[in-house]
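Some notes on the structure that comes next.
Values quoted throughout were computed directly from the atomic coordinates according to the rules given, and no laboratory measurement underlies them. Computed from a predicted model, the values in this text were never measured in an experiment. All Cβ positions, glycine included, derive from the backbone under ideal geometry; neighbour counts span all protein chains shown.
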């Protein structure tokens, strides 16, 4: 059985995964993770476990139970033959009787160089994941977008921020009427109409300190102070490498074909995490469906006579 594994290893701090409260976990991490791999990781931040640390702990636990880890990219698959063939970027091929696709979904970003510079240092795409972090508490924040997700993000952030600037390129929100009313009636949300992000401002020590807004009407610009910018302009599932060999939803997420199961349109192929979930998109829910997919795959293998 092979797993096409995605990654949440880009997050600097993870506070929405149970069991790892804020505090000094240095001793535990040093004892649980190989020294060589630990040496290449950033110093523990002590505000909670980081994404790379959490992924490394999960990797170590899997290895302890006999999992063989291949670090490579799968560039294409062949689900038309058995055993399935997974083609790696290195040129090698892995064969498997069952596959779990867990390649996740990537948040859509604006593509600005300054935005890239401050990813995970004030630029993020998940308010629920990061909104409670110390750098955002009682500070002005920016949310980019105009749909239901953007309003949900902005509304959630009002629990922590001193002010939320909801930046939208048009003069009317794309969100549903109820959600739009929620935004306009919240005294902590200011909607910045007809503007986009021209540049993310900040420095290497502090991270994000503000944004430069550019009018979509007359090209004028002005700066606004903020310690964080949250993108809410959608996600793109990492399914292109599948070559449309699995049935996808209209949004290109892998479709579960059996209610309450992780089965896909190809027998013996299962999907877990954000690659099949455009609603929850949380580390803990992804881990839960990962467990479901592993059980589904194990039982399928046993039933097919491969166990």
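Please figure out what share of the DSSP beta bridges in the chain is antiparallel and state it in percent, rounded to the nearest 5.
Roughly 55 percent of the DSSP beta bridges within the chain come out antiparallel.
Rounded to whole Å and sorted largest first, list the principal axis extents of the Cα atoms in segment 109-231.
40, 34, 21
Per-residue ellipticity at 222 nm for the chain, helices alone: DSSP H runs ≥ 4 residues times -39500 (n - 2.57), over residue total, nearest 500 deg cm²/dmol?
The helix-only estimate for the chain comes to -7000 deg cm²/dmol at 222 nm.
Once R0 is set to 22 Å, what does the formula 1/(1 + (r/R0)^6) return for the Cβ-Cβ distance between residue 204 and residue 26, expressed as a FRET efficiency to the nearest 0.05?
After rounding to 0.05, the efficiency reads 0.40.
Provide Rg over Rh for segment 246-307; use the alpha carbon set for both Rg and the Kirkwood Rh (inverse mean inverse pair distance).
0.99
When the chain is modelled as a GNM with alpha-carbon springs shorter than 10 Å, which of 284, 208, 217 fluctuates the most?
Most flexible of the set in this elastic network: 217.
As a test, work out the antiparallel percent of DSSP beta bridges whose residues both lie in segment 109-231, rounded to the nearest 5.
Roughly 45 percent of the DSSP beta bridges within segment 109-231 come out antiparallel.
Taking the chain as a Gaussian network, Cα atoms linked when under 10 Å apart, which of 282, 139, 61 shows the biggest mean-square fluctuation?
Fluctuation is largest for 61.
Rounded if a/c is under 1.5, else prolate if a/b beats b/c, else oblate: with a ≥ b ≥ c from the C-alpha gyration tensor eigenvalues square-rooted, which is the chain?
Note, shape of the chain comes out prolate.
Using alpha carbons only, how many angstrom separate the centre of segment 76-129 from the centre of segment 146-217?
28
Let me know the shape class of segment 108-151, please: from the alpha-carbon gyration tensor, a ≥ b ≥ c as square roots of the eigenvalues, rounded when a/c is under 1.5, otherwise prolate if a/b is greater than b/c, or oblate.
oblate
Where does each of 121, 222, 40 land when they are ranked from fewest to most other beta-carbon atoms within 10 angstrom?
Lowest count first: 40, 222, 121.
Using a 10 Å cut-off around each Cβ, can you sort 41, 55 from fewest to most neighbouring Cβ atoms?
41, 55
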